[in-house]
1. What percentages make up the Cα-Cα pair-distance distribution of the stretch 109-247 when the bins are 5 Å wide from 0?
2. Between THR69, THR160, THR52, where does the largest GNM mean-square fluctuation fall for the chain, given springs only between Cα atoms within less than 10 Å?
3. Show which lysines lie in cross-link reach of LYS96 when reach means a straight Cα distance below 16 angstrom and same-chain residues fewer than eight apart are skipped.
4. Which value, in Å² rounded to 10, gives the accessible area of ARG24 with a 1.4 Å probe and all protein chains present?
5. What residue among VAL107, VAL175, VAL212 shows peak mean-square fluctuation when the chain is described by a Gaussian network model with Cα springs under 10 Å?
6. Going through the cross-link list LYS19/LYS206; LYS172/LYS221; LYS27/LYS98; LYS19/LYS98; LYS73/LYS100, which pairs have a Cα-Cα distance over 29 Å in this structure?
7. Using only Cα atoms, what is the ratio of the radius of gyration of the stretch 47-185 to 2.2 N^0.38 Å?
8. Using only Cα atoms, locate the centre of the stretch 155-171 and the centre of the stretch 46-94, then give the distance between them in Å, rounded to an integer.
Amino acid sequence: MRITQYLASKLKNFSNLPKEYIERSKKQVYWQTPRETNYLPRTVERKRFRYTTNRPWTGQFRQQNMPATMRRKVLIEPVEDWSFFRGDRVEVLVGKDKGKQGIVTQVITERNWVIVEGLNWHYRRVGADKDFPGIIIKSEAPLHVLNDIRLVDPSDLQGTEFEWRFTEEGEKVRVSMRSGRIIPIPETNNQTHDYKTPNAYIEREKDTPAAVVGEITFQPKLSTFEMDIMEEMGIKEERTPAKSYWY
């Protein structure tokens, strides 16, 4: 049961991609001590990566972050409340597509970027080598969420500023500053490879039921493993421990 809960917690933030897989796919270990009792665990590995539009588990990401190649660090202003999601209709504020509206298809929180379908695109050559000139494709460049785009108010389809508020039921929502209308988070943001919406998913024969996954089977305590065993077996400790000092 604990294993099921553990796996379910890892799938929560990455749809159907567990966090351990993503961390393992981009990990670059340069040196590690042997796993022996006479060695202290020490690891020298790469901590700084250059994040682009390629996701960390892809071969393009590994090619851009080859071992022993360090690129200039990109300073990112952290966004406290991330407010743009897949499926949002946004208005572009810069570039040749200024004033146009499109749908967000990809979100890259590591760089405060979003990709808008059909906007801010350019041509690039792929697949070129000495015998083949390659092909030209249209590629959509990322847009910065703080300076390059703004949300569109669903009441009049015009760009607007917004803020986060709480409803009477305690739900946190985005509200247009101009019209006061709630801008809902699109259902597209919840889509995964397994389902379009969580409510539409049909449990299969080998799936663990949701009620079983949500059941709490572990109660945290401040006692050690030995103390738990003694409590279950009814053993009471009557010995007085010797004094110890930390210095």
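1. Once binned at 5 Å, the Cα pair distances of the stretch 109-247 give 2, 6, 7, 9, 10, 10, 9, 8, 9, 7, 6, 6, 5, 4, 2, 1, 0.
2. THR69
3. Hits, sequence-local ones excluded: LYS138.
4. Using a 1.4 Å probe on the heavy atoms, I get roughly 150 Å².
5. For the chain, modelled as a Gaussian network with Cα springs under 10 Å, the answer is VAL212.
6. Violating the 29 Å limit, Cα to Cα: LYS172/LYS221; LYS27/LYS98; LYS19/LYS98; LYS73/LYS100.
7. 1.27
8. About 27 Å separates the Cα centre of the stretch 155-171 from the one of the stretch 46-94.
The values are calculated or read from the model by the stated rules, or taken from the named source; none is laboratory data. All of these numbers come straight from a predicted model, not from anything done at the bench. Please note: Cβ atoms are built from the backbone with ideal geometry, for glycine as well, and neighbour counts cover all protein chains shown. Surface accessibility is based on the protein's heavy atoms, side chains included, excluding ligands, DNA and RNA. Shrake-Rupley method; radii C 1.70, N 1.55, O 1.52, S 1.80 Å.
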